[in-house]
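Only one structure is covered here, and it is reproduced in the block below.
The values are calculated or read from the model by the stated rules, or taken from the named source; none is laboratory data. Small disclaimer: the values here were computed from a predicted structure and weren't measured. Glycine gets a Cβ as well: all are built from the backbone with ideal geometry, and neighbour counts include every protein chain shown. Ligands, DNA and RNA are stripped out before the accessible areas are found, and what is left, the full protein with its side chains, is counted by its heavy atoms. Shrake-Rupley method; radii C 1.70, N 1.55, O 1.52, S 1.80 Å.
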Amino acid sequence: MSGHSTFEPKHPALKWFESRLPLVGLIHSSFVAYPTPRNLNYWWTFGGILSLMLVCQIVSGVVLVMHYTPHITLAFDSVEHIMRDVSYGWLIRYIHSNGASMFFIAVYIHMFRGLYYGSYKAPREVLWILGCIIYLLMMATAFMGYVLPWGQMSFWGATVITNLFSAFPVVGPTIVEWLWGGFSVDNATLNRFFSLHYLLPFMIAGVVVLHVWALHVVGQNNPTGVEPKSPKDTVPFTPYATIKDGFGMVCFLIFFAWFLFYIPNYLGHADNYIPANPLVTPAHIVPEWYYLPFYAMLRAVPDKLGGVLTMFGAIIVLFFVPWLDTSKVRSGVYRPLFKQFFWIWVAVCIGLGWLGAKPAEGGYVIAGRILTIYYFAHFLIILPLLGLFEKPKAVPASITEAVLGKNRGAAPASAGVSAPQTKG
Amino acid sequence: MAATETAGTTRRDFLYIATGAMGAVGAAALVWPFVSQLQPDASVLALSTTEVDLTSIAEGQMVTVKWRGKPVFVWNRTEKDIAEAKEVQLSALLDPIARNANLAADAPATDENRAGEGHEKWLVVIGICTHLGCVPIGHSGEYDGWFCPCHGSEYDTAGRVRRGPAPTNLDIPPYQFVSDTKISIG
Amino acid sequence: MSTTMSFRSSLLRPLAVAALAFGLAAPALAAEGAPKPPREEWSFAGPFGTFDQAQVQRGFQVFKEVCASCHAAHLFSFRNLAQPGGPSFSEAQAKAVAEGYQVQDGPNDAGDMFDRPGRLSDRWPSPFPNEQAARASNGGAYPPDFSTLAKARTYEVGFPGFLIDIFTQYQENGVDYIHALLVGYEEPPEGFALPEGAHYNKYFPGHAIKMPQPLSDGQVTYTDGTPETLDQYSRDVTAFMMWMAEPHLEARKRLGFQVMIFLIIFAGLLYFTKKKVWKSVGH
C-alpha cells in the first residue's frame, strides 16, 4: 500500500535519533500517513474504542491492585474499602467493573461488523484469527477478574466454570484440582486467578500489537469490500480517521458514563455484594451477560462433556470462518441472501443470551437446543452453501466509484464539496 | 477550496483550538482521580490516636508505642537526665527549634519546650531519626539520649540532635495528658 | 441516500437492541411464589438523587435501637456518621455515639484484651462474635450483615422492564425489596404450612422467614415529629441502609452530571471538527 506522505525529519537531533531508531517514522507511517479507505462508516471506529477500553481497564486495574488484597478473608472487604475509604476509589472500581462490560459490548460490535462486511476473507485471515485469540483471552481475563471481589457470584461462578474441565475423561478431576490448587475453590485459587488476571491483559496488549500489525500489512477492509486501487480511494489516517475515531470514542464514553455514574450495578449481580460462602449456593447462578449465549449452549446439551465441547466449539468455529465462507464477494452489502441470514444469526445469538439468563427447564431448554443447532448450522452449512448458490449484486469497481455513486448530485470529491448529510 | 477558505479560516481555527483545549482539559481532569487515590485513605486518616498508660513505665524506662505506623518513644526520665538536658545552652544546639507539634513553630528548644507540659519527667518523641528515617537506639551515644545506627546521628536526653548528619531534633507528636497517668497521642 | 445509508441504519437498529438485550442477566433473588415488591419513591433515585439527611438520621436511630441488636454492619465505622453525603452528623455527635459503645481493644502489656469506649476510627461493634454465635441465638438463621445489604438484594424485573430501567436509571430494587419485606408480615393464608419458628412474609422468597416482624408502630421515638409508624420506620431504615451500602452515591451522581455535560459538549465539538476535516472528501 502506498502512503500519502513519508516522514522526513528536519531537526538535526531528530535526524540523529531517527537514523538510529526510526520510532517517529514508524508512528508516522502507522498512525498519520497510513492510508485508510475513505468510505469507512462508524462501525469501524470500534477498533479504536477497543484500544481505549484496553488502556482504561489496564490503568484502572493497576490502580485497584494498589488497594486490593487477594486473600479469601480480606478480598471482599478490601474491595469495599476501595468503594468507601479510598479517594475516588468508588469511581475507579466502577470504571473497572463496568469497563469490562463496555469492552465486551465494543468487541461484539467489532466482531459482528467483521462478519457482516467479510473482514475475515483473504488476505485478512490471520488478522481475523488474531482477533479471535484476543476474544478468548478477554473471556479468560474477565472470568478471573470477576472472581476477585470474592462475593457469592465470584465464588460460585469460579466453581461452576472450573468444574467444566471435570467433563474431560480420565484427566478431568485432576485438571480441576490443579486449577484450584486444592479440593475446592479456595485461597490458592483466588491467588492464582489474581496473578493471571494481572498477566493476561498484557498478553492481550501483545496480541493487539500483532492484530494492528497484521491490519497494517493487509490494509483495512471497507463497507464495499473492494480493495483500494488508487490513492483516490484512501485518505491519510490523520486527521481523517483520528478525528472520526475520536468522535466515536467520545460518543461511546457517553454511553459508558451513563452506566458508570447512574446504574453502576445494573450489569452486575446483586449476589456479588454478599461475601462468598462455600456452604450456600445462590438460587440462580448466572454468568456475566457476555457469557450468556455460551452458557445457554452449555445447558442445551444433556451430556456433560458434550455441553462443554459445544460451548468451546462455538468459539472455535469462529477461527474457521475465513474458510467456511465460500463466497467470492467480500462485503455483505452486495450479498442479499447472506444479509438476511446474518441478521437471523444475530437474532439467534441474542436469543441464546436471553435463554442463558433463564432457568434451565422446560421450553427454555428446547429453545436453547434449537438455537444452538442453528448457531452451528449458520457457520457449517449456511455459510459454505450460500457462497455457491447466492447471486450477489454488482460490486462497484472501486471505492471512489461507490462513493461518487452515493453522492450523486454533489460535486466530485476533488472539487472539495460534498453533500452535508454524508457523514461516515 | 479556494472559495471557502477565506470565510472559513478563523471559525475553523477557533473550532480546532476549542476542541483541542476541551480534550486537554478532559484528559487532565481524568488524571486527577488516579492521582488522588494515592493519598492516605479515610480509614488511615481516622487511625490517628493512640493512648498510653504511664503507670507501668518505671523511672528511667523508655517504651516504644506505635502511632500512625511509626514508633513513638515515651521516656520516664530520671532527675539526672533532666538536669543534663537543662544544662545545655541553646547556642550549643545544632537545631535551636523545639519541633514540638503542641507549641508554636518557632518555640526554642529548651528542655521545658521539649518535655511534657507540667510533666517534665516525660519525654515523648517520634522515634524516627530526622536524617533518613531509621529508628535510633535509646540510652546510648555520647549525649545519653539516642544514637542512630544508620549514620551516627546522636541525640541528647531531650531528644535534640547534638551530632550530625541529622538536621533537626526528634519531632514531638501532638499529644496531651488525659490524666496524670495517661497520655493520648494524636 | 442510498443503499449505503439504509444498510447502515439497518445495521444500527438490531445491534442497539442486541447491546441492550445482552443486559438481561438481571440478578435474581429467588422470587418463587413471592410477588414483586412495589416500586417506591426514594429521594436518592434518579440522576439528581440525594439522601434526605433527616431521613437517614432517623434511619440510623432505627438501626441503632432495633436492627443492630441482631444484625452486624462490619464495614461501617463511627467516623462514617460524620462524613458528607449521608446522615452527616457533626463530628461531636458521631464521637458521642462512638463513646456510647464498648469496643474491644488490645492486647495490653499484660497480653489481655480489654474494653474501652469507642472512637471514630472504630468499626460498628457486631452483636455476635461470629456467624455460629449469631445462628445459635437466632434459631439457626443468620441475620445478614447490613454493610452492603441494600445492594445485595433484588428481584427479577422481567421483560421489558429490565430494558426500561436502563433509560429510567432505576437502581432501587434492593431498597424496594427491603421496604416491602419490613412491611410485608401477614397472617399466613389458609392451608399454608408455616414451619416451626418461622413467620409469614408476603415478599420473602418462600414466605417463611425466621426473623419475627422487627418493626411496629410506635416502637421508636422520633424527636422531630415524624409519624412513628411501621411504614415510616421502614422507609427511614431502608434509606439508611442504602447510604451504608453506597456511601458515595451523592458524589457519584454529582460527578456523573458534570462528566455528562463535558462529554456532550466535547462530542459536539468533535462532530463539527470532524465535519470540517472531512468537508473536502466525499465518503
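The figures follow:
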{"quantity": "Percentage of interatomic Cα-Cα distances in the protein assembly as shown larger than 57 Å", "calculated": "25 percent"}
{"quantity": "Eligible lysines near C:LYS279 by straight Cα distance, threshold 20 Å, same-chain separation 8 or greater", "calculated": "A:LYS232, A:LYS244, A:LYS406, A:LYS423"}
{"quantity": "Cβ-based charge dipole, the protein assembly as shown, positive-most Cα from C:SER88, A:MET203, C:MET211", "calculated": "A:MET203"}
{"quantity": "Dipole of chain C [Lys/Arg +1, Asp/Glu -1 at C-beta], most positive-end residue of C:GLY49, C:GLY106, C:ALA267", "calculated": "C:ALA267"}
{"quantity": "Taking chain B and dividing mean pair separation by its residue count, relative contact order in percent (alpha carbons under 8 Å, at least six apart)", "calculated": "20 percent"}
{"quantity": "Using a Förster distance of 60 Å, the FRET efficiency for C:ARG254-A:ALA122 (Cβ separation, nearest 0.05)", "calculated": "0.70"}
{"quantity": "Degrees separating the helix A:125-147 axis from the principal Cα axis of chain A, which is the longest one", "calculated": "30 degrees"}
{"quantity": "For the pair B and A, total buried accessible area rounded to nearest 100 Å², probe 1.4 Å", "calculated": "1000 Å²"}
{"quantity": "Residue-level accessible surface for C:TYR222, protein heavy atoms, 1.4 Å, Å²", "calculated": "20 Å²"}
{"quantity": "Candidates B:GLN61, B:GLN89, B:GLN39, ranked by Gaussian network fluctuation over chain B, Cα under 10 Å, top entry", "calculated": "B:GLN39"}
{"quantity": "Farthest positive-ward along segment A:286-415 dipole, Cα basis, beta-carbon charges - from A:PRO384, A:PRO336, A:GLY307", "calculated": "A:PRO336"}
{"quantity": "Surrounding net charge for B:THR50, when Lys and Arg each add one and Asp and Glu each subtract one, Cβ distance under 13 Å", "calculated": "+3"}
{"quantity": "Heavy atoms of A:HIS11 accessible to a 1.4 Å probe, total area in Å² rounded to 10", "calculated": "110 Å²"}
{"quantity": "Mean separation of Cα contacts under 8 Å, 6 or more apart, over the residue count of chain C: relative contact order %", "calculated": "26 percent"}
{"quantity": "Within the accessible area of the protein assembly as shown (1.4 Å probe), percent carbon and sulfur", "calculated": "65 percent"}
{"quantity": "Dipole moment magnitude, nearest 20 debye, segment B:50-185 about Cα centre, only Lys, Arg, Asp, Glu C-beta charged", "calculated": "460 debye"}
{"quantity": "Helix A:242-257 axis, angle to chain A major axis (alpha carbon atoms, nearest 10°)", "calculated": "30 degrees"}
{"quantity": "Compactness of segment B:50-185, expressed as Rg and Dmax over alpha-carbon positions, Å", "calculated": "13.4, 38"}
{"quantity": "Within segment C:202-245, backbone nitrogen closer than 20 Å to the virtual label 7 Å beyond the Cα of C:GLU190 toward Cβ", "calculated": "C:202"}
{"quantity": "Sites C:ASN108 and B:ARG163, calculated FRET efficiency, Cβ-Cβ separation with R0 41 Å, nearest 0.05", "calculated": "0.65"}
{"quantity": "Solvent-accessible heavy-atom area per residue, rounded to whole Å², over segment A:286-415 at 1.4 Å", "calculated": "45 Å²"}
{"quantity": "Semi-axis lengths (Å, descending) of the ellipsoid that matches the C-alpha gyration tensor of chain C", "calculated": "44, 28, 18"}
{"quantity": "For chain A, the spread of Cα positions along each principal axis, largest first, Å", "calculated": "72, 60, 41"}
{"quantity": "Helix-only mean residue ellipticity at 222 nm for chain C, each DSSP H run of n ≥ 4 adding -39500 (n - 2.57), per residue, nearest 500", "calculated": "-13000 deg cm²/dmol"}
{"quantity": "Degrees between helix A:46-65 axis and first principal axis of chain A (Cα, 0 to 90, nearest 10)", "calculated": "40 degrees"}
{"quantity": "Unmatched cysteines, the protein assembly as shown - criterion: no other Cβ of a Cys under 4.7 angstrom", "calculated": "A:CYS56, A:CYS132, A:CYS251, A:CYS349, C:CYS67, C:CYS70"}
{"quantity": "Straight-distance crosslink candidates among lysines, where the alpha carbon sits under 19 Å from A:LYS339 and sequence neighbours closer than 8 are dropped", "calculated": "A:LYS121, A:LYS328, A:LYS391, A:LYS393"}
{"quantity": "Distance (nanometres) between label positions extended 7 Å along Cα→Cβ at B:ASP171 and A:ASN187", "calculated": "3.5 nm"}
{"quantity": "Theoretical ellipticity at 222 nm over chain B - DSSP helices of four or more residues, -39500 (n - 2.57) apiece, nearest 500", "calculated": "-9000 deg cm²/dmol"}
{"quantity": "Rounded D (µm²/s) - segment A:76-154, Kirkwood Rh over Cα pairs, Stokes-Einstein at 25 °C, 0.890 mPa s", "calculated": "167 µm²/s"}
{"quantity": "For A:ASP186, solvent-accessible area (1.4 Å; no DNA, RNA or ligand), Å²", "calculated": "70 Å²"}
{"quantity": "Simple label model, 7 Å out from Cα along Cβ direction - B:SER179 to B:ALA83, nm", "calculated": "3.3 nm"}
{"quantity": "Partners for A:LYS229 among aspartates and glutamates (Cα-Cα distance below 15 Å; same-chain residues under 8 apart left out)", "calculated": "A:GLU401"}
{"quantity": "Label-point gap, in nm, between C:LYS279 and B:SER140 - each point 7 angstrom along Cα→Cβ", "calculated": "7.9 nm"}
{"quantity": "Percent of alpha-carbon pairs separated by more than 14 Å within segment B:78-123", "calculated": "47 percent"}
{"quantity": "Nearest-0.05 FRET efficiency for A:TRP178 and A:ILE373, computed from C-beta distance (R0 30 Å)", "calculated": "0.30"}
